[in-house]
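For reference, the structure discussed in these notes is given below.
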Amino acid sequence: MVQVGTIVWLSSELMFFAGLFAMYFTIRAVQPDLWATEPLKLDIPFSTANTINLVLSSVWCQMGVFAAERFQPSALGTWWAPWTREHGFRNWGMREWYLLTYVAGAIFICGQVFEYANLISEGLTLSSSGYGSVFYLTTGFHGLHVTGGLIAFLLIIGRSFAAKRFGHAEATSAIVTSYYWHFVDVVWIGLFFVIYVIK
């Protein structure tokens, strides 16, 4: 039931982001002249690197899911010695993979804040133009969702320490958190192509 409920909730989130995409394309159709100048302020290489980081975090999150499905909350052996055969990444548990995912997500948010600071210094603000409004609303709401995912990872990691035994309930919580994280990543890929790539 938790998985079904999460999927239903993510469907409502999909509708929310569909509204943001509709807003973006509507403003773009009404004021196309803004798209001739304002996107030139975007730092495409930096945003691409930040996007690759977020996509990789989804891979690491899935590795954590595989560990949770094995009911393995923590690493077998020494996790910091990946060069040895009996230790390393292959034996990481859910905590290690989810912690790596958390760090990557936090780096993404820091990158977004850095990008916002640069754009504001160049005069692109929420109230400067229709382009500024749709840019900050779409990417900002996505950033809030990523932040929510980071909080969820902390709760899942904390729960794995608090539980006397890592069982089905803990694994299910870890798995549905991954649904949310993958959803947030897919939405960002769509936003990245619409805002940064498609001219």
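Against the empirical curve 2.2 N^0.38 Å, the C-alpha radius of gyration of the chain lands at a ratio of 1.17. Protein heavy-atom surface of the chain, 1.4 angstrom probe: 73% of the accessible area is carbon and sulfur, with nucleic acids and ligands not counted.
Our coupling estimate for the stretch 123-131, obtained by passing each phi through the Karplus curve with A = 6.51, B = -1.76, C = 1.60 and θ = phi - 60°, is x, 8, 10, 4, 9, 6, 6, x, 5 Hz, Gly and Pro reported as x. Using a probe of 1.4 angstrom and keeping all protein chains present, the accessible surface of the stretch 1-151 works out to 53 square angstrom per residue. Going by Cα centres, the stretch 169-199 and the stretch 1-65 are how many Å apart? Going from one Cα centre to the other spans 8 Å.
The values are calculated or read from the model by the stated rules, or taken from the named source; none is laboratory data. Fair warning: this is a prediction, and the values are worked out from it, not measured in the lab. Note: areas computed on protein heavy atoms with side chains; ligands, DNA, RNA excluded. Shrake-Rupley method; radii C 1.70, N 1.55, O 1.52, S 1.80 Å.
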